[in-house]
Amino acid sequence: MRRRIVISSIVVLVVLIGGYAWVSERTPGPPPRPAGVPSDAVWVGVNKGDWIDCKPLQAAATFRCDVFADLSGDRLSTGDYVLEKSTTIEAGKGRPIAYDGQVIETDVGRLVPYGVHTYFGGGRDSWSKDLGPRPTAK
């Protein structure tokens, strides 16, 4: 009887550990792209994230970026960003890889917000915040 309890406990423990390992190794991909999110937008996140669409502007290393909600596709913000460190960007580079709600990490460096950014709270609510002048390259 006691041996049966020990074996049953070991089996349950192995199943629980195996299940945890299987679930933790699975990294969900991006959700389906909502209507209204540009085809060039990149999904950044793990379990939750945002769609980010950055287009280069004429000023060197400067981008206009729009951020969209991952599931609804609602525009969350729009504004200008500049690379934190002056660098030349090759075609196809500058892809967003992380976003903390303000700074956009890319494969070539950090995009830092500047100027007036507009934030959308859903519906018709929106507000703007001036994040200051364009920073000088370091």
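So here's what we get for this one:
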| item | result |
| --- | --- |
| Tabulated pairs, segment 51-78, first among the hydrophobic types (A, V, I, L, M, F, W, C), second surrounded by fewer than 19 Cβ atoms within 10 Å (Cβ to Cβ) and in a loop (DSSP other than H, G, I, E, B), C-beta under 7 angstrom, 6+ apart or interchain | Ala61/Ser86; Ala61/Thr87; Ala61/Ile89; Phe63/Leu57; Phe68/Asp74; Leu71/Pro31; Leu71/Pro34 |
| Subset of segment 55-65 that is crowded, with 20+ Cβ neighbours inside 10 Å and not small (Gly, Ala, Ser) - its residue that is nearest to Pro34 (Cα to Cα) | Cys65 |
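Coordinate-derived values only; no laboratory data. The model shown is predicted, which means the values in this text are computed figures rather than measured ones. In this analysis, Cβ positions are derived from the backbone assuming ideal geometry, glycine residues included, and neighbour counts consider all displayed protein chains.
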